[in-house]
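Since every read-out is calculated from the coordinates, none of them should be taken as a lab result. Since the model is a prediction, treat every value here as computed from it, not as a measurement. Positions of Cβ are generated from backbone atoms using ideal geometry, with glycine treated the same way; all protein chains shown enter the neighbour counts.
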Amino acid sequence: MVKTLQNKGLKVLVLLTVVSIFNCKQEVKQDVVQEDLEPTGYYVEPYRSQYHFTPEEKWMNDPNGLVYNDGVYHLFYQYYPDSTVWGPMHWGHAVSEDMMEWKHKPIALFPDEHGLIFSGSAVMDHNNTSGFGTEDKTAMVAIFTYHDMAGEQAGTKDFQTQGIAYSLDNGDSWTKYEGNPVIDNTGIKDFRDPKVFWNDKAEVWTMLLVAGDHLQIWNSPNLKEWKKVSEFGKDQGAHGGVWECPDLFPLQIEGTDEIKWVLLISINPGAPNGGSGTQYFIGDFDGTTFTTNQVEHKWVDLGRDNYAGVTYNDAPNDERVFIGWMSNWDYARDTPTEKWRSAMTVPRLLTLRKLGDEVTLFNYPLESFEKHVALAYPESVIEILPTRKRILPLKYGNQSKTKFTLSVPNAQMYFRNKNGDSLSIDIDRDKKIVTLDRRKSGKVDFSEKFTPGVQQMKIPNIPEGPIEIVMLLDHSSLELFINGGQYVMTNQIFPNEFFRALTIVNNSEEKLKIEDFTEHKVERVWD
Ligand code: FRU
């Protein structure tokens, strides 16, 4: 008798095997009794992520107000508490000590007479520049876009303005500033998503705001009075859609003393694989103006489901920690979950590394993610001859981290289950391309835009020789990190049952030897 328990009471599968012997002929008879119990317990619905952040219920989109204070990481997010499809936006709120185990908090910001509460950021006003703080309480200040629905419906162009609010109890309760909006609109239809940070160079607060096809930089001494100081991007970068959710921060190029500034800009549509995506620019910032001589378009993630990602203000040790929304506006409203919609990526550390002449932004799961990586199932050495394949059984198919070193240039990997669902990743270092195919990965027919074709990622600077492959599966997502986060693809998937096997095909002319293949279980973070 084999008994499998998935996530404490989600599904009990009882398999009875009866072996009987008749006339010296062995007959194996299998009676399969499958009991699908109604899911009971917390966070166990079909497709529910077990180690990614999801709201308890209803609609979520962008991460907002990522700020660290006093041992606590705050995650605010675009939230509509009345439905699983987008509607009048609020800011949901959750807190965590490691960005993996989250505690839900009450809704932080509600729409008001100025409009809905769109995306934005949060800062700790340690020097009380705003005057919102008290002698013993530092104000947490949220800076967000007001979206005036009536104005939009009336066909005006100035329906997005910027507002602020403050909290003296770590984000539990909020007061909106009576002088809102702090930045009025001068007739730009898409004028939103303020990211504010303390600017050491100019000793002011700096706000990044997107205005349709470009970025605006505004400075302020006190978070209330703002002055536009520069613009960037009308002629730079990808422009297949509206610019959204900017971020700008310095990073030291690893192994050097050189500091470069990285600008993140989400665009929708216009991502290389369709719909929403996040591009980045590497350049310089002098306190008022961002400049770059980057010509090529660069992307944080070449999968289809990592959008509107931004980084934490005030994270310890100057770490740049990024969280993205694991969805795509092409089909975000249609994904087949019932109680809630969508998840955030795992927290990722951003680093700058020089490969040849090229400086690249790497993104890779944070150290704190590793604390939740449990049992390891190392395989013994795997050897695969050219053109041959090896099928590896998976123990924790849908809630796992798989890691190994790929020594040959070209290989294909695919996850499979008994239902015939498959999800494949083809790495071709000769052609310098990775192809991801989720067309048969389970439920895909909820939107024509979910799988119009395969996804491709160019890997022009992939090194020769061994590279690391890390794949994180969590029920309805796959995050693929190649060579320590040099190339990344994040995708939602909706398999009809667990993936039970990973097949590796050797598409190279030499023997593939894998000495470190490990499948780890990743622990569920919800109690
Ligand atoms: C990005 C975005 C933002 C906007 C928010 C509205 O996904 O479109 O530009 O502020 O979502 O929910």
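General observations
- Scan segment 283-309 for residues that are closer than 21 Å to Ala202 by Cβ and crowded, with 24+ Cβ neighbours inside 10 Å and the total you get is 1.
- Cβ-Cβ under 9 Å pairs, at least 6 apart or on other chains, segment 225-251 side in contact (Cβ under 8 Å) with a residue 12 or more places away in the chain, far side among the basic types (Lys, Arg) and within 15 Å of the ligand (Cβ to nearest atom): Val242/Lys189; Glu244/Arg192; Cys245/Arg192; Cys245/Lys195; Pro246/Lys195; Asp247/Lys195; Leu248/Lys195
- Filter pass, Thr84 being away from the ligand (no atom under 15 Å from the Cβ) and assigned to a loop (DSSP other than H, G, I, E, B): no
- Lone unmet requirement of (1) of a type outside the set (A, V, I, L, M, F, W, C); (2) within 16 Å of the ligand (Cβ to nearest atom); (3) on the phi > 0 side of the Ramachandran plot for Gly71: (2)
- So Tyr280, is it aromatic (Phe, Trp, Tyr) and either surrounded by fewer than 19 Cβ atoms within 10 Å (Cβ to Cβ) or within 13 Å of the ligand (Cβ to nearest atom) (or both): no
- Candidate set from segment 99-114 (those that are part of a strand (DSSP E or B) and surrounded by fewer than 23 Cβ atoms within 10 Å (Cβ to Cβ)); member that is nearest to the ligand (Cβ to nearest atom): Ile107
- Taking the criterion of being buried (at least 18 other Cβ atoms within 10 Å of the Cβ) and either basic (Lys, Arg) or farther than 18 Å from Phe290 by Cα (or both), the residues of segment 194-223 that qualify are Lys195, Leu223.
- Index of the failed condition, Glu319 passing every other in (1) surrounded by 21 or more Cβ atoms within 10 Å (Cβ to Cβ); (2) over 22 Å from Phe494 (Cα atoms); (3) of a type outside the set (Val, Ile, Thr): (1)
- Matching residues, segment 115-131, being assigned to a loop (DSSP other than H, G, I, E, B) and under 16 Å from Gln162 (Cβ atoms): Ser130
- Only one of Gly270, Gly287 that is farther than 30 Å from Glu448 by Cβ and either more than 16 Å from the ligand (Cβ to nearest atom) or in contact with a His (Cβ under 9 Å, 6 or more places away or on another chain) (or both): Gly287
- The set of residues from segment 252-277 being without any contact (Cβ under 8 Å) to a residue 60 or more places away in the chain, under 14 Å from Leu350 (Cα atoms) and crowded, with 20+ Cβ neighbours inside 10 Å comprises Leu263, Leu264.
- Close pairs from segment 90-113: first on the phi > 0 side of the Ramachandran plot, partner assigned to a strand (DSSP E or B), Cβ under 6 Å, at least 6 apart: Met99/Tyr73
- Search result, residues across segment 366-382 that are over 19 Å from Glu479 (Cβ atoms) and assigned to a helix (DSSP H, G or I): none
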